[in-house]
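To keep things clear, I will list the structure first and then write my remarks on it.
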Amino acid sequence: MAAGLPDLVDCSQLAAAAASFERLYELGELQRVRDLLADPRGTVSARFAFAKLASGRPGAEVTVRAAPILVCQRCMQDFSLPVSGGSELEFAADGALDAAESARELFEMANGMVSLRELVEEELLLALPIAPACSTPMTCGKAPRYATAEASAEAAVDMRRPFGALKDLLKKT
């Protein structure tokens, strides 16, 4: 852990020093992730490895690991989903983003500074599924069960016929 390291960091200095460190963030403190969670408790572990790239720009490898509590979109029950993700980033100065010249994902710095929390949020958002589901449809918590042919036939036999007696009355006349 990097004790005392601020959230806003100078990428060039960290890249020049080839700094590598880990941080833990509370999931509930990540603004853009909070609305996706069923329960804001839990943490995300982030690892940062800064380096000076061949292009002369600072870069970093950012990896995240977490097990957030999400809501299954089929059964609407809470479940824990272990996720991990990572990217190789190249930092560019304000307004100097040109995707054609880099094989890495470009991230714009503000006055040479980057928010580590923002990098973690980005990676976690990329790692989370668009529509979380706790398991396969047939074994999901309260997912609707589709009737089989045998079950449909049994239901048809057991179906109550409210006007069945009326048919018998018509035959008698």
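Return yes when LEU119 is in contact with a helix residue (DSSP H, G or I) (Cβ under 6 Å, 6 or more places away or on another chain) and at pLDDT 90 or above and no when it is not. Spelling it out, it is not the case that LEU119 is in contact with a helix residue (DSSP H, G or I) (Cβ under 6 Å, 6 or more places away or on another chain) and at pLDDT 90 or above. Residues in region 70-92 that are hydrophobic (A, V, I, L, M, F, W, C) and over 16 Å from CYS140 (Cβ atoms): VAL83, LEU89, PHE91, ALA92. Among residues belonging to region 89-112 that are assigned to a strand (DSSP E or B) and over 13 Å from ALA15 (Cβ atoms), point out the one that is modelled with the lowest pLDDT. That would be GLU105. Residues of region 35-53 that are under 14 Å from the mean Cα position of the chain (by Cα) and exposed (fewer than 13 other Cβ atoms within 10 Å of the Cβ): ASP35 alone.
Within region 21-31, one or more residues are in contact with a helix residue (DSSP H, G or I) (Cβ under 6 Å, 6 or more places away or on another chain) and of a type in the set (Ser, Thr, Tyr). Counting only residues that are assigned to a loop (DSSP other than H, G, I, E, B), of a type in the set (D, E, K, R) and under 11 Å from SER12 (Cβ atoms), region 50-76 holds 1 of them.
The values are calculated or read from the model by the stated rules, or taken from the named source; none is laboratory data. Note that the structure is a prediction, hence the values are computed from the model and not measured. Every residue, glycine as well, gets a Cβ built from its backbone with ideal geometry; the counts of neighbours run over all protein chains shown.
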